Structures are given as structure tokens and as C-alpha cells.
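Derivation of every value follows stated rules applied to the coordinates shown; laboratory data play no part. Every value quoted in this text rests on a predicted model; they were computed, and no experiment measured them.
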Amino acid sequence: MESKAERREAARQFKERKVTAGAYAVRSATGAGWVGVTRNLDAARNACWFSLRMNGHRVPSLQAAWNAEGEAAFRFEVLQELDEDTHPMAVADLLKALKAEWLARLGALPLL
């Protein structure tokens, strides 16, 4: 069992971790692709895979492909990360532009 001090230290480290914003893609073995953007790339994969496994993803075409092909046919790719020194007020606009750019570049479908 962890001591109280160890738990406090783990919580402090968690709060101080750096989160990276950027664009990502979910691709299937058949070549289908979906593009999304997020303020936290580390959490995006977990959230996406969880909702797909629970049969509750908000993008019906992705959920249908997942159900038909199975989890092993899918991969999560980080397409582009925003710089750490990006001003917080600019993040939303930059993510919107990244999403449009990667959707056009890959000919993919959008993720919400």
C-alpha cells in the first residue's frame, strides 16, 4: 500500500504534467480514416477506444466500421502537435485550422 506522502507526490506530478494539443487520426486496415483535434492527445486515444468498446461512439460511421472490422484493425496516429509555447487563447483557432487541413489532406471523415 502506498503511503500518504507517495499518493500526494503522485497527485502533484499528475497535476504538473504537460498536455499536448494537436490533430490525430483513427485509421482502419481497410483504409478508412477519421480526423479529430484535441487539447490532450494522451487522453484522446483512451476516450476514443473506450467509447468504441462500449458501442457508444458519437460518430456512427466509425462505430460501424469498428463493429465490422474489430479493434485489431484500427490504429491511432498523432498527425501534428501544437508547440508548447502556443498562447492558450490561440489554441482553439489553431486546432480548427489543423482539423480542416488534415481532413483535406487525407480525405478523411471528421471526428467530433
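For the reader, a short list of remarks on this structure follows.
- Normalised by the number of residues in the chain, the average gap of Cα pairs under 8 Å and 6 or more apart makes the relative contact order 38 percent.
- Here the Gaussian network model covers the chain, with springs between Cα atoms less than 10 Å apart; of LEU95, LEU82, LEU41, LEU82 fluctuates the most.
- Ignoring lysines fewer than eight residues from LYS99 along the same chain, the ones with Cα atoms less than 27 angstrom from its Cα are LYS18.
- Taken over the alpha carbons of region 18-112 as equal point scatterers, the Debye sum produces base-10 log I(q)/I(0) values at 0.14, 0.16, 0.21 Å⁻¹ of -0.49, -0.63, -1.02.
- The alpha-carbon of LYS4 sits under 22 angstrom from the alpha-carbons of these lysines, leaving out residues fewer than 8 places away in its chain: LYS15.
- Our helix-only sum for the chain, with -39,500 (n - 2.57) per DSSP H run of n ≥ 4 divided by its residues, gives a mean residue ellipticity at 222 nm of -14500 deg cm²/dmol.
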